[in-house]
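Let me begin by presenting the structure, written as structure tokens, before commenting on it.
The values are calculated or read from the model by the stated rules, or taken from the named source; none is laboratory data. Please read these numbers as outputs of a predicted model, since none were measured by experiment. Don't worry about glycine lacking a Cβ; one is built from the backbone with ideal geometry, like all the others, and counts go over all protein chains shown. Just so you know, the surface numbers come from the protein's heavy atoms only, side chains and all, with ligands and any DNA or RNA stripped out. Shrake-Rupley method; radii C 1.70, N 1.55, O 1.52, S 1.80 Å.
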There are 2 protein chains.
Amino acid sequence: MFRGDIIRIVLLWGAVLAAGAFGLQWLEYQYLAMRFSFEIYVGIIAVAFALGGMWLGWRLASRPRGAFRRNDAAIASLGLTRQEMRALELIAAGQSNKEMARTLGVAPNTVKTHISNLFAKLEVARRTQAVIRARELELIP
Amino acid sequence: MFRGDIIRIVLLWGAVLAAGAFGLQWLEYQYLAMRFSFEIYVGIIAVAFALGGMWLGWRLASRPRGAFRRNDAAIASLGLTRQEMRALELIAAGQSNKEMARTLGVAPNTVKTHISNLFAKLEVARRTQAVIRARELELIP
DNA sequence: GAAACCATCACCCGAAAGGGTGAGAAGCGC
DNA sequence: GCGCTTCTCACCCTTTCGGGTGATGGTTTC
């Protein structure tokens, strides 16, 4: 959980509660003015709050997915450098060393060095393992 | 959406509606017996239905996630065999050809053949690309 | 300015991966 | 039986990967 999330949840709750209170007041007025029967009044309230709750629950449950947040703490604790992270992303994208060299604008030997250091820090021996490990540590989506 | 999902959703809705109706009746009785004031009665209904809706919305939104469903149609249309699928899973698990041979109980050359055919069918050239492609096609989680 | 770190690149070497071809055995459908 | 698919394995060859070592130049840090 991050501060942005909490703020958004609080705002969400505030808006929902305000709308609910307002709607309730309006409904109560309608009821007291005898425009609604008792059962209809209660039914409207039940349906409205059930729908509101459903919407809110859906929203809260849906928000976390889709939003990938890179674990910068893990990157720092592993001591991964910028180029190593770029190499990691390109590995996960399925590029070969030669392609990565072209993408990064460096020599293939340089790419190999970065990958070697990357593997040592991730404690893996193959690129597929590196991708798995990086996903576990939330270094890449 | 699969039949199992639909049945479960229908049952879920049925149970929730039944519980809601029952609770409503009970509340109405309490109200008519004048044990509750009007505002408390309406408040209880609103909170209860909001919570119920939230729970339901949460459930509906979270259940589909996390449940991986293999795209058997894609597997069939690509003509992937059982051993090729097993090889694919082991590749995604980060195993080397030698390890896969041990896991599958066959010779390394056999594994290489399966992987060759697999790559041709997936139209990829590297194992990392195979994993990406397979994930896109929902062949593996 | 020395130490530490990062990025860059080179060389060697062995292992792993990938492409191509061929071929035998088992099972299935007609 | 015959064709088809699948699974199995082998051989050869090229490319890619990965490990190890060493070297240079630039930054930052103390």
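Between copies, B:THR113 shows label-point distances of 4.4 nm, shortest first, with the point placed 7 angstrom from Cα along Cα to C-beta. At B:ALA19 and B:GLU39, where each label point lies 7 Å from the Cα along Cα→Cβ, what is the point-to-point distance in nanometres? So the two model labels end up 2.9 nm from each other. What is the sum of charges, Lys and Arg at +1 and Asp and Glu at -1, for the other residues whose Cβ falls under 11 Å from the Cβ of B:PRO108? Taking every Cβ under 11 Å from that of B:PRO108, the sum is +2. Counting from the shortest, the label point at A:THR81, 7 Å from Cα toward Cβ, is 4.7 nm from the same position in each remaining copy.
Can you tell me the dipole magnitude for the protein assembly as shown around its Cα centre, using point charges on the Cβ only (Lys, Arg +1; Asp, Glu -1), in Debye to the nearest 20?
Working: 36 positive and 20 negative charges, 276 e Å.
For the protein assembly as shown, the charge dipole is close to 1320 debye.
In this structure segment A:25-141 gives 57 Å² per residue of accessible area when probed at 1.4 Å with all protein chains present.
Heavy atoms only, probe 1.4 Å: what % of the accessible area of segment A:72-136 goes to carbon and sulfur, would you let me know?
Numbers: 1730 of 3450 Å².
Whole-percent figure for carbon plus sulfur exposure: 50.
Ranked by solvent-accessible area (1.4 Å probe, protein heavy atoms only, all chains present), the residues B:SER37, A:SER77 order from largest to smallest as A:SER77, B:SER37. Basic side chains Lys and Arg get +1 at the Cβ, acidic Asp and Glu get -1 at the Cβ, and with that the dipole of chain B about its Cα centre reaches some 680 debye.
Determine the order of B:MET85, B:MET54 by accessible area, beginning with the largest, at a probe radius of 1.4 Å.
On the way: B:MET85 10, B:MET54 35 Å².
Listed by decreasing accessible area, they come as B:MET54, B:MET85.
Across segment B:72-136, the mean sequence separation of Cα contacts (distance under 8 Å, 6 or more residues apart), normalised by length, yields a relative contact order of 34 percent. Considering only A:PHE119, A:PHE38, A:PHE49, the Gaussian network model of chain A with Cα springs below 10 Å gives its largest mean-square fluctuation to A:PHE38. A quarter of the convex hull surface defined by the alpha-carbon atoms of the protein assembly as shown gives 21.4 nm² as the mean projection.
The calculated FRET efficiency for B:LEU78 paired with A:ARG102, based on their beta-carbon distance and R0 = 41 Å, is about 0.85.
With its label point defined 7 Å out from Cα along the Cα-to-Cβ axis, B:LEU32 lies at 2.5 nm from the matching points of the other copies, in increasing order.
So for chain A, averaging the separation of alpha carbon pairs under 8 Å that are six or more residues apart and normalising by length, what relative contact order in percent results?
Details: 65 pairs, mean separation 31.4, N = 141.
Rounded, it is 22 percent for chain A.
How large is log10 I(q)/I(0) at q = 0.15 Å⁻¹ when the Debye formula is applied to the Cα atoms of segment A:72-136, each weighted equally and without solvent? Reported log10 I(q)/I(0), two decimals: -0.39. Normalised radius of gyration (Cα atoms, divided by 2.2 N^0.38 Å) for chain B: 1.83.
Need one number: buried accessible surface between chains B and A, 1.4 Å probe, both sides summed, DNA, RNA and ligands left out, in Å² to 100. Accessible area lost upon association: around 2600 Å².
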